[in-house]
Amino acid sequence: MSEESYSQEKLQFNDLTKAESYVINNKGTESPFVGKLTNFKGKGTYVCKKCGAALYYSSDKFESDCGWPSFDNEIKGAVIRIPDPDGMRTEIECANCGAHLGHVFTGEHLTAKDVRHCVNSISLEFVPAQLEAGRYGTAIFAGGCFWGVDYFMKKAPGVISVTSGYTGGTVKNPTYQEVCTGNTGHSEAVKIVYDPQKTTYDKLLKLFLEIHDPTQVGGQGPDIGDQYRSEIFYMNEDQKMIAENDLNILRSKGFKIATKVTKASEFYPAETYHQDYYFKNGKTPYCHIFTKRF
Ligand SMILES: [Zn+2]
């Protein structure tokens, strides 16, 4: 993969039919009671039809008799809420790609959580639980401002979703303001969900080590502070081995590595306005560039 393909590659989305595009891209609404997932009861995960990001678990689906699939909870950080211009309703979109999902309602008292995500069946794809085990891999990296890491990781082939957040510290449910003080122990990090059939942990890790400077101590680029440190949070022993191996390759090339390798702990998704920052704002990173190191 050349530098150029990372800087110019467009996000890869699934091809949509005309009917799918009408709902997903043009915020249309499918007719009630016709969607094939409306009364579907399989066990598994509902993912975005456009980008494949996991949105809802079947355990949160309930029968509302409204004619569309209904959920009273979303996968944390997977769905964003946007007030409709009419001020009456709240639209829900896939946090990863902006696909229109439907609307979210409260105050109906249909379930204990008193929330109803009313989702167009056509915006969803169902992944059965038996296919899910081992279907996705997860990686967590910290390398300076998470907007920049998010930007490059989203463009990497095989990446399903990237969530900006905080991890590695001691404060529960930290806010951006708290993390910015540098006193929470948390770093600005990204959680990447990827398809192991299309990419590998090793490929993503090497990319991570080439889009930030793994030799900088106590910050990244102009961002100085413990929250901007370089760190790999491994999920299992395999990832730890790969991380140490890749860092040793760089050490053998003369790089004085500052990157820490740490067992992953709880990851707290950042506030919605931090997600997809560069894509939403049409900007490019100021502190992350691709530099070939492997
Ligand atoms: Zn999506």
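The values are calculated or read from the model by the stated rules, or taken from the named source; none is laboratory data. None of the values given here were measured: they were computed from a predicted structure. Every residue, glycine as well, gets a Cβ built from its backbone with ideal geometry; the counts of neighbours run over all protein chains shown. Remember, those area values only see protein heavy atoms, side chains included, never the ligands or the DNA or RNA. Shrake-Rupley method; radii C 1.70, N 1.55, O 1.52, S 1.80 Å.
Listed values, structure above:
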{"quantity": "Only Lys, Arg (+1) and Asp, Glu (-1) charged, at Cβ; the chain dipole about Cα centre in debye", "calculated": "600 debye"}
{"quantity": "Summed side-chain charge close to residue 64 - residues other than residue 64 whose Cβ falls under 14 Å, Lys, Arg +1, Asp, Glu -1", "calculated": "-2"}
{"quantity": "Total charge dipole magnitude, segment 41-195, about the Cα centre, Cβ charges on Lys, Arg, Asp, Glu only, Debye to nearest 20", "calculated": "420 debye"}
{"quantity": "Residue among 232, 221, 199 farthest towards the positive dipole end of segment 90-248, charges placed on Cβ", "calculated": "199"}
{"quantity": "Heavy-atom SASA rank of 170, 175, 45 (probe 1.4 Å, accessible area, largest first)", "calculated": "170, 175, 45"}
{"quantity": "202, 15, ranked by accessible area, largest first (probe 1.4 Å)", "calculated": "15, 202"}
{"quantity": "1.4 Å probe accessible area per residue over the chain, in Å²", "calculated": "48 Å²"}
{"quantity": "Selection from 62, 48, 115, by position along the positive dipole direction of segment 39-116 (Cβ)", "calculated": "48"}
{"quantity": "Sites excluded, GluC sites (Glu not before Pro) in DSSP loops with at most 15 other C-beta within 10 Å, longest stretch of the chain", "calculated": "109-265"}
{"quantity": "Cysteines not pairable in the chain (beta carbon separation under 4.7 Å absent)", "calculated": "66, 118, 145, 180, 287"}
{"quantity": "Helix 201-211 axis, angle to the chain major axis (alpha carbon atoms, nearest 10°)", "calculated": "60 degrees"}
{"quantity": "Net charge over other residues, Cβ less than 12 angstrom from the Cβ of residue 196 (K, R count +1; D, E count -1)", "calculated": "0"}
{"quantity": "Estimated 222 nm signal from helices in the chain, with DSSP H stretches of n ≥ 4 weighted -39500 (n - 2.57), rounded to 500", "calculated": "-6000 deg cm²/dmol"}
{"quantity": "Order of exposure, largest accessible area first, which applies to 263, 49, 154, 172 with probe 1.4 Å", "calculated": "172, 263, 49, 154"}
{"quantity": "Fraction of accessible area attributable to carbon and sulfur, the chain (%, probe 1.4 Å)", "calculated": "52 percent"}
{"quantity": "Test item: Cα-centred dipole of segment 160-294, Lys/Arg +1 and Asp/Glu -1 on Cβ, debye", "calculated": "380 debye"}
{"quantity": "Acute angle (nearest 10 degrees) that the helix 146-155 long axis makes with the longest principal axis of the chain, alpha-carbon atoms", "calculated": "70 degrees"}
{"quantity": "Cα-Cα separations in segment 71-172 greater than 24 Å, expressed as whole percent", "calculated": "40 percent"}
{"quantity": "Accessible-area value, residue 265, 1.4 Å probe, nucleic acids and ligands omitted, Å²", "calculated": "60 Å²"}
